[in-house]
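**Q** Mind having a look at this structure? Questions to follow.
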Amino acid sequence: MMSWSRRLRSVAFNTLLESVRQKLFVAVVFFAFLLMIAALVLKDISVHQDRKIIADIGLAAMDFFGTIVAVFIGADLVSKDLERRTLHLLLVKPLAREEYIVGRYLGLLATIFTSLVLMSFGLSGALWTIGGSFGWSLAGAVYAIFLQLALTGALATFFSTTSSRLLAILGTTVMVILGRMTDVLKNAALVVEGFPDWLGKGLYLILPNLLNFDLKNRAVYQDTFDLRLLMGLTAYAAAYILALLSLGSLGFARRDLK
């Protein structure tokens with residue numbers, strides 16, 4: 001068990017190091033400083049809405065930039081090692097294919113967490129310049145965004161195990177867009193003539209509903225979160241992540257790496 005956990009930590013740590021060295025991750029870090037500049041501008045042009053505007057922009061940007069990190073870095077998890085011919089060397093060692101996939105995903109998860117922490121510091125600093133604070137409502141919304149990005153990262157990991165980098169990016173992007181439109185898909189037959197009702201409801205049941213994780217408006221207006229809501233979102237995300245990693249590991253085990 002200790003040897004297994006060491007192998008996972010090693011793969012995850014190397015994935016984190018590779019990710020934070022990418023220009024994409026540096027751009028996300030730079031966003032934290034842009035929040036500070038935006039705060040200085042917005043506090044002069046808004047009328048008693050400084051905190052709401054900054055919190056709204058900050059959370060929306062975390063969602064947007066975090067999704068970019070999850071999709072693009074997640075799509076690179078397997079393809080990069082294949083292109084560099086390093087995957088074969090890794091799997092020659094006592095490292096099972098499923099351990100490689102889980103370790104890679106944990107490294108992606110650490111990268112997502114790191115980016116959100118940095119952006120949260122930027123948002124906190126922006127709020128501080130106007131006399132605001134990073135309260136529990138904002139923390140709850142950021143945690144929900146983390147769960148959403150963790151699920152997005154699991155989608156990217158799944159596609160990266162079975163397809164090329166380009167197809168992984170396209171597949172994950174489509175799934176993310178559909179995941180934010182599940183309520184529309186459920187009632188698509190009532191809006192689009194000829195659209196099969198069974199298809200819309202089937203997609204609604206199968207696709208992860210990413211709208212469940214959108215707590216930004218509640219955080220902006222400082223509504224309190226029920227702990228049971230966050231626990232439910234955690235269980236919901238964990239179930240999908242476990243299923244996606246299991247399917248990804250199964251597909252990767254059957255993939256010809258020649």
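The values are calculated or read from the model by the stated rules, or taken from the named source; none is laboratory data. The structure displayed is predicted, hence computed values, not measured ones. Glycine gets a Cβ as well: all are built from the backbone with ideal geometry, and neighbour counts include every protein chain shown.
**Q** Looking only at region 111-146, count every residue that is among the aliphatic types (A, V, I, L, M), surrounded by fewer than 22 Cβ atoms within 10 Å (Cβ to Cβ) and closer than 17 Å to LEU230 by Cα and tell me the total.
**A** 1
**Q** Specify the residue that is nearest to the chain's Cα centre (by Cα); the eligible residues are those in region 152-189 that are of a type in the set (S, T, N, Q), buried (at least 20 other Cβ atoms within 10 Å of the Cβ) and under 17 Å from LEU207 (Cα atoms).
**A** THR152
**Q** Still on this model: Could you list all residues from region 23-73 that are at pLDDT below 70 and among the basic types (Lys, Arg)?
**A** Scanning region 23-73 gives a single hit, LYS43.
**Q** If you check LEU170 against the conditions, is it closer than 12 Å to VAL71 by Cα, out of contact with any Gly (no Cβ under 6 Å at 6 or more places or on another chain) and assigned to a helix (DSSP H, G or I)?
**A** Yes.
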